[in-house]
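Since the structure comes first, as structure tokens, the remarks are kept for the end.
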Amino acid sequence: MAKIETIWMGDQRSEVTHTQSGTKIITDAPTDNKGRGEYFSPTDLVAAALGSCIMTMMDAYAVERGLDLKGTRLVTDKIMSADPRRIGEIKIDIYFNGDFTEKQKISLKRVADTCPVGKSLHPELKQTITFHFDNE
């Protein structure tokens, strides 16, 4: 079980520590919510977690089948809603390097949909995932 410690630093900023590894992240409120926007906001981390989770799931599948996903790039766009203030949509474009068969493409898309982060998000949060393969 992962343990995370958060220390409030004031000025809408916190220091978050992954206790097992000691890795630290600073979060900051975004500029559209009275913050400085100098670091990831908490909602940015949610969007980043979704992308990272999708990539982790696809890579686990790929490694088992001898596929190389190194260099795959995700571009994530988080869209906020106003009333109530929340993430309304996360758009992720996934750009693959290399050639994949139709079966591999279908499987990668299917595996991406098994991401635990995506399954944990509220159903009203729209998740738009677009796959871009070199050989299309």
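The values are calculated or read from the model by the stated rules, or taken from the named source; none is laboratory data. None of these values were measured; they are calculated from a predicted model. Cβ placement follows ideal geometry from the backbone for every residue including glycine, while neighbour counts extend to all protein chains displayed.
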- Only one of Lys91, Lys119 is closer than 30 Å to Ile7 by Cβ and surrounded by fewer than 18 Cβ atoms within 10 Å (Cβ to Cβ), namely Lys119
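Would you check if Asp44 is without any contact (Cβ under 8 Å) to a residue 24 or more places away in the chain, touching a strand residue (DSSP E or B) at 6+ places or on another chain (Cβ under 9 Å), within 30 Å of Lys3 (Cβ to Cβ) and not aliphatic (A, V, I, L, M)? Lay out the reasoning, then the answer.
Working: without any contact (Cβ under 8 Å) to a residue 24 or more places away in the chain: no; touching a strand residue (DSSP E or B) at 6+ places or on another chain (Cβ under 9 Å): yes; within 30 Å of Lys3 (Cβ to Cβ): yes; not aliphatic (A, V, I, L, M): yes.
For Asp44, the condition - without any contact (Cβ under 8 Å) to a residue 24 or more places away in the chain, touching a strand residue (DSSP E or B) at 6+ places or on another chain (Cβ under 9 Å), within 30 Å of Lys3 (Cβ to Cβ) and not aliphatic (A, V, I, L, M) - is not met.
Can you confirm whether Thr31 is among the hydroxyl-bearing types (Ser, Thr, Tyr), in contact (Cβ under 8 Å) with a residue 24 or more places away in the chain and within 26 Å of Lys126 (Cα to Cα)?
Working: among the hydroxyl-bearing types (Ser, Thr, Tyr): yes; in contact (Cβ under 8 Å) with a residue 24 or more places away in the chain: no; within 26 Å of Lys126 (Cα to Cα): yes.
No: the conditions fail for Thr31.
Could you please find all residues in region 70-86 being in contact with a Phe, Trp or Tyr (Cβ under 9 Å, 6 or more places away or on another chain) and under 23 Å from Ser120 (Cβ atoms)?
The initial filter retains those residues of region 70-86 that are in contact with a Phe, Trp or Tyr (Cβ under 9 Å, 6 or more places away or on another chain), namely 71-75.
Across region 70-86, the qualifying residues are Thr72, Leu74, Val75.
Considering Ala29, Ala2, which residue is crowded, with 16+ Cβ neighbours inside 10 Å, more than 30 Å from Gln104 (Cα to Cα) and modelled with pLDDT under 95? Give the derivation first.
On the way: Ala2 fails: crowded, with 16+ Cβ neighbours inside 10 Å.
Exactly one residue qualifies, and that residue is Ala29.
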- Message: If I filter region 65-77 for residues that are under 18 Å from Val46 (Cβ atoms) and either hydroxyl-bearing (Ser, Thr, Tyr) or at pLDDT below 95 (or both), do I get at least one hit?
- Response: yes
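Provide a single number: the residues in region 125-136 that are in contact (Cβ under 8 Å) with a residue 12 or more places away in the chain and either farther than 30 Å from Ser81 by Cα or assigned to a loop (DSSP other than H, G, I, E, B) (or both). Break it down stepwise before answering.
First pass over region 125-136, keeping only residues in contact (Cβ under 8 Å) with a residue 12 or more places away in the chain: 125-135.
Filter once more, so that each one left must be either farther than 30 Å from Ser81 by Cα or assigned to a loop (DSSP other than H, G, I, E, B) (or both): 125, 133-135.
Number of matching residues: 4.
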